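Chemist: Supplied in structure tokens, the structure appears directly below.
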Amino acid sequence: MSNAARIELDGKSYEFPVVEGTEHEKAIDISKLRAQTGHITLDDGYGNTGSCASSITYIDGDAGILRYRGIPIEDLAGKCSFVEVAWLIIFGRLPTLADRDRFTDLLTESSRLDENMKKHFDGFPTYAPPMAILSAMINTLSAHNEEVWEAHDDKSIEIAAAVLMSKVRTIAAAAYKSSIGEPLVYPRYDLKYVENFLHMMFSVPYRNYEPSETVTKALNLFFLLHADHEQNCSTSTVRMVASSKANMFASCSAGVCALWGPLHGGANVAVIDMLQEIQESGISVKEYVRKVKDKEDGVKLMGFGHRVYRNFDPRSKILKQAAEELLTEMNISDPMLDLSQELADAALNDDYFIERKLYPNVDYYSGVILRAIGIPLNMFTVMFAIGRMPGWIANWKEIHDDPQGRIYRPRQVYTGPVNQTWVPKEERTYPPLY
Ligand code: SDX
């Protein structure tokens, strides 16, 4: 089979090399296309465009495969902690005991916020969206933590990564405490990553929150399953910002903003909103599915569908099982889980969804777990961001470590007005804007 693609344009023939990844996916290298043909490509939503070569995460959307640094997610989910998987994703191999202990110590030592940084929380209104606070405060970290300016080799990048991964918990918990009028809770140096986060979220000065093993196991799994996912919207944003040589914190802060949207990380909130709307309106699942199929008011089945997966998202399978186990172990009966299953069953057996290869994605069942743990709805996407931090850091590092790296600067096809001239104010007779 030829390892070149041939294009015929205006009677001329051009050849472009075909490159093959380690999992045998193929791409046409068009880096010389414009220079040779004067043409660019156009690919709305980048559905057919590879923005980079990356060795971090592999997804096979048709087979429903997800691997971090070549290790299947199913393997890691049952055997690793979130912190171990984070180190794997960032540095490319599983940590030794020494790596893990050193990184854990760095995370613990970095968990407290600078006292001056805490003052920023006083300025946010109680109704401030936690994702707004998170992106702002992650960016602000670079004003208080010089480690980010010194991140240039594995040792200094490990330190900056620990600062960011550790403090993102503290910032998230502080945003929550500020929103409910409770005092910010200092991290404890005797607690592991997930336990410390839950402590900062739910302890109060007069009573420590002691999470059950079931809860910490479920949240550890939640973070692990969200840790990276190839070139999704927010990770591509991190790479875009990183390509200008912006620092790790600024790049990941931009990732938070991209994740916020309801078509992306905001979907875990939209799923619960959707289930609550069905419950409160009293409409049947069948009627809701009809509305989705008729695209009534643009309504979608939130938590379903994916740009890459044309099969079950492997994470949703694991999260579904974890949600069922958690509710059983906590002896909680959440009607949302039953409703979500009824809705999924209806969709999975309906030609509209089958023909479009729409399956539950990572966001479909994750909200049930967060609800059982007691995470408020407006913090759901923040939880996704905490989980995705290692993936963003790893992609920032991959850009940073590439000596040939170029700034990301896509082209466009211009479709605006042509041959325009300036018009004096008194001659401007345009219709009103609205
Ligand atoms: C995440 O990219 C990643 O890896 C993301 C992520 C990660 O880990 O980073 O996996 C996390 O963002 C998961 C996705 C969370 N978003 C949602 O659950 C929102 C609901 N899903 C849809 O908005 C949609 O499926 C997207 C945004 C996820 C994907 O959109 P695409 O690839 O642009 O697909 P599309 O809009 O072109 O849809 C193709 C067809 C259309 O119908 P027709 O025009 O052919 O008639 O499928 C329909 C769409 O209307 N469709 C849906 C649907 N998703 C797609 N119809 C109803 N409900 C849906 N959820």
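Chemist: Tell me, please, whether a residue that is among the β-branched types (Val, Ile, Thr), modelled with pLDDT of 95 or more and within 11 Å of the ligand (Cβ to nearest atom) can be found in the stretch 204-223.
Modeler: Within the stretch 204-223, not a single residue is among the β-branched types (Val, Ile, Thr), modelled with pLDDT of 95 or more and within 11 Å of the ligand (Cβ to nearest atom).
Chemist: Tally up the residues in the stretch 1-55 that are in contact with a Pro (Cβ under 7 Å, 6 or more places away or on another chain) and either assigned to a strand (DSSP E or B) or more than 24 Å from Tyr414 (Cα to Cα) (or both), please.
Modeler: Within the stretch 1-55, the first condition is being in contact with a Pro (Cβ under 7 Å, 6 or more places away or on another chain), and the residues that meet it are 3-4, 29.
Still in the list and also either assigned to a strand (DSSP E or B) or more than 24 Å from Tyr414 (Cα to Cα) (or both): 3-4.
Total meeting the criteria: 2.
Chemist: Another question about this same structure. Which count do you get for residues in the stretch 350-403 that are within 16 Å of the ligand (Cβ to nearest atom) and acidic (Asp, Glu)?
Modeler: Residues in the stretch 350-403 being within 16 Å of the ligand (Cβ to nearest atom) and acidic (Asp, Glu): 4 in total.
Chemist: Additional query: Which of the residues belonging to the stretch 141-178 are within 20 Å of Glu109 (Cβ to Cβ), crowded, with 19+ Cβ neighbours inside 10 Å and of a type in the set (S, T, N, Q)?
Modeler: Ser142, Asn145, Ser166, Thr170
Chemist: Looking only at the stretch 306-322, how many residues end up being in a loop (DSSP other than H, G, I, E, B) and more than 7 Å from the ligand (Cβ to nearest atom)?
Modeler: 4
Results for (1) at positive phi; (2) within 14 Å of the ligand (Cβ to nearest atom); (3) not hydroxyl-bearing (Ser, Thr, Tyr), shown as yes or no for each residue.
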| residue | (1), (2), (3) |
| --- | --- |
| His39 | no, no, yes |
| Asp43 | no, yes, yes |
| Thr49 | no, yes, no |
| Ile56 | no, yes, yes |
| Arg69 | yes, no, yes |
| Glu74 | no, no, yes |
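Chemist: What helices (runs of 4 or more DSSP H) completely inside the stretch 351-434 contain at least 3 residues that are within 17 Å of the chain's Cα centre (by Cα) and not hydroxyl-bearing (Ser, Thr, Tyr)? Don't jump to the end; show me each part of the working.
Modeler: Working: elements: 351-355, 362-373, 380-400.
Output list reads 362-373, 380-400.
Chemist: Residue under question is Ile59, and the condition is that it be assigned to a strand (DSSP E or B) and in contact (Cβ under 8 Å) with a residue 24 or more places away in the chain; does it hold?
Modeler: Answer is yes for this residue.
Chemist: I would also like to ask the following. Cβ-Cβ under 6 Å, sequence separation 6+ or interchain: first residue in the stretch 280-297 and more than 15 Å from Pro335 (Cβ to Cβ), partner within 11 Å of the ligand (Cβ to nearest atom) and part of a helix (DSSP H, G or I). Which pairs?
Modeler: Pairs found: Lys293/Tyr352.
Chemist: I've got another one for you. From Gly303, Gly255, Gly265, which residue is at positive phi, in contact (Cβ under 8 Å) with a residue 40 or more places away in the chain, crowded, with 24+ Cβ neighbours inside 10 Å and within 13 Å of the ligand (Cβ to nearest atom)?
Modeler: It is Gly303.
The values are calculated or read from the model by the stated rules, or taken from the named source; none is laboratory data. The structure displayed is predicted, hence computed values, not measured ones. Cβ coordinates were reconstructed from backbone atoms using ideal geometry, including for glycine residues, and neighbour counts include every protein chain displayed.
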